[in-house]
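Derivation of every value follows stated rules applied to the coordinates shown; laboratory data play no part. Computed from a predicted structure; not experimentally measured. Here Cβ is always computed from backbone atoms with ideal geometry, including for glycine, and neighbour counts include all displayed protein chains.
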Amino acid sequence: MDLKQRKGRDAEAVLKQLRGGKPEELNEELIKLRKEQFGLRLQRATGQPVKPDQYSKVRRAIARLKTVTREAQLRAAGEKK
């Protein structure tokens, strides 16, 4: 899933796909994004050229994924009551 470069209807489609995903898949995607974020920080620290917009795209993708995960947790907790 490419969560970073979506706008408008594409973003809605990605969110729909995320909300329909399994928690294991969401965690795997989160780990992948965290590794990418670490790689970007490492590149910046070592002086390698990096596109500055990638930092915010990855950060927003992580936030989006965490939001969807939290929504699923709250929905599951609400169903248990």
Inset, instruction - Name the most mobile residue of 45, 63, 11, meaning the one with the largest mean-square fluctuation, in a Gaussian network model of the chain with Cα contacts below 10 Å. - result: 45
Legend entry - Correct option for semi-axes √(5λ) of the Cα gyration tensor in Å [calculated from the coordinates] among [x] 28, 15, 9; [y] 34, 16, 9; [z] 41, 21, 10: [x]
Legend entry - From phi via Karplus (6.51, -1.76, 1.60), per-residue ³J(HN,Hα) for the range 46-52 in Hz, x at Gly/Pro: 8, x, 6, x, 9, 6, x
Inset, instruction - Along Cα→Cβ, 7 Å out, is where each label goes; now give me the distance between the ones at residue 80 and residue 10 in nm to one decimal. - result: 3.8 nm
Inset, instruction - List 62, 31 from most exposed to least, where exposure is judged by having the fewest other Cβ atoms within 10 Å. - result: 31, 62
Legend entry - Highest-MSF residue in the chain out of 50, 68, 58 [GNM, Cα springs under 10 Å]: 50
